[in-house]
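*Asks:* What follows is a structure written as structure tokens; I'll ask about it next.
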Amino acid sequence: MEVTPTDLGPKEEAEGLMSETKPPTMEVIPVGAANRDVYNNLAQGYEAEFLATTGKEPDAQGVFELDTKMGNDVRGFVLSVAGVPAGLIAVRLKDGGSFEVAEFYVVPSFRKQAWGQKFAHAVWRAMPGKWEIKQIAGAEYAAEFWRKTIGAFPPMEFQEDRYDDSYWGMVTRQRFVIATPPST
Ligand SMILES: CC(C)(COP(=O)(O)OP(=O)(O)OC[C@H]1O[C@@H](n2cnc3c(N)ncnc32)[C@H](O)[C@@H]1OP(=O)(O)O)[C@@H](O)C(=O)NCCC(=O)NCCS
């Protein structure tokens, strides 16, 4: 499935808490040649979050290798808030046409402001279909984030189980279906 900026809509407007204040503008930008470095730089922050669990070491340049590489079956998007790169998502397109959230990250200074939730919802609206998300052992906070974020999407059933992943070991997994919006 091809995802273009048009599919995502030009801009996802955030909801303001105060009516007189113009809310910051949120954009979801597909990763391409022009912003690959932005994605890769943010991905270093994402890698750093899990170093204690993964035990990864940096390469000779001090760079951590990414688990998920762009291209082939993986699409990336950068979250931009008021023009600042604030997060990333990597989506794996699986056999049978379903999707998996392979990586998801919000820069710490943007957290707990609903940006992560809005970001995930924007991507799901652009890519309806079957989705799954896995969280490694010890990332219970991430499982809580996903339960709330899935639960806050317009009515949708989801299943959660424990799953023995060939790479990550025992993980928590959510599976759900994003309905295709009715054509207008
Ligand atoms: C998990 C993460 C994406 C959350 O991003 P965020 O922008 O702070 O999340 P939001 O503000 O949109 O939160 C949405 C809901 O999840 C909850 N939530 C967010 N972070 C949470 C945490 N650390 N623990 C428990 N609940 C959390 C929020 O309370 C909110 O629920 P509410 O609407 O009832 O208040 C961010 O902390 C992050 O990037 N962490 C490191 C990378 C990571 O763990 N990625 C997920 C891998 S599967």
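*Asks:* GLU157 versus (1) among the acidic types (Asp, Glu); (2) under 27 Å from ASN72 (Cβ atoms); (3) more than 9 Å from the ligand (Cβ to nearest atom): which is the lone unmet condition?
*Replies:* The single condition GLU157 does not satisfy is (2).
*Asks:* Which of (1) at pLDDT 95 or above; (2) surrounded by 17 or more Cβ atoms within 10 Å (Cβ to Cβ); (3) more than 23 Å from PRO182 (Cα to Cα) does TYR141 not meet, given it meets every other one?
*Replies:* (2)
*Asks:* From SER80, SER109, SER98, grab the single residue that is over 20 Å from GLU132 (Cβ atoms) and more than 11 Å from the ligand (Cβ to nearest atom).
*Replies:* Result of the check over SER80, SER109, SER98: SER80.
*Asks:* Determine which single condition ALA60 fails, assuming it passes every other condition in (1) more than 13 Å from the chain's Cα centre (by Cα); (2) surrounded by 13 or more Cβ atoms within 10 Å (Cβ to Cβ); (3) of a type in the set (A, V, I, L, M, F, W, C).
*Replies:* Status for ALA60: all satisfied but (2).
*Asks:* Using the structure shown, decide if VAL101 is surrounded by 15 or more Cβ atoms within 10 Å (Cβ to Cβ), closer than 17 Å to PHE176 by Cα and touching a Phe, Trp or Tyr at 6+ places or on another chain (Cβ under 8 Å).
*Replies:* When the stated conditions are applied, VAL101 passes them.
*Asks:* Any idea how many residues of the range 113-131 are over 16 Å from ARG147 (Cα atoms) and within 7 Å of the ligand (Cβ to nearest atom)?
*Replies:* Adding up the residues that qualify gives 1.
*Asks:* Sticking with this one: Criterion first (away from the ligand (no atom under 11 Å from the Cβ), more than 27 Å from GLN44 (Cβ to Cβ), of a type in the set (S, T, N, Q) and out of contact with any His (no Cβ under 6 Å at 6 or more places or on another chain)) does SER166 satisfy it? Give the steps one after another, and end with the answer.
*Replies:* Numbers: away from the ligand (no atom under 11 Å from the Cβ): yes; more than 27 Å from GLN44 (Cβ to Cβ): no; of a type in the set (S, T, N, Q): yes; out of contact with any His (no Cβ under 6 Å at 6 or more places or on another chain): yes.
Here the answer is no, as SER166 does not meet what is asked.
*Asks:* Right, another one. Out of all the residues in the range 85-95, is one or more at pLDDT 95 or above, touching a helix residue (DSSP H, G or I) at 6+ places or on another chain (Cβ under 8 Å) and near the ligand (Cβ under 8 Å from one of its atoms)?
*Replies:* Yes, the range 85-95 contains a residue that is at pLDDT 95 or above, touching a helix residue (DSSP H, G or I) at 6+ places or on another chain (Cβ under 8 Å) and near the ligand (Cβ under 8 Å from one of its atoms).
*Asks:* Being more than 26 Å from ASN41 (Cα to Cα), surrounded by 15 or more Cβ atoms within 10 Å (Cβ to Cβ) and modelled with pLDDT under 95 is true for just one of PHE153, PHE176. Which residue is that?
*Replies:* The conditions single out PHE153.
The values are calculated or read from the model by the stated rules, or taken from the named source; none is laboratory data. A quick note: this is a predicted structure, and the numbers were derived from the prediction, not measured. Using ideal geometry, Cβ is built from the backbone for each residue, glycine included, and neighbour counts are taken over all protein chains shown.
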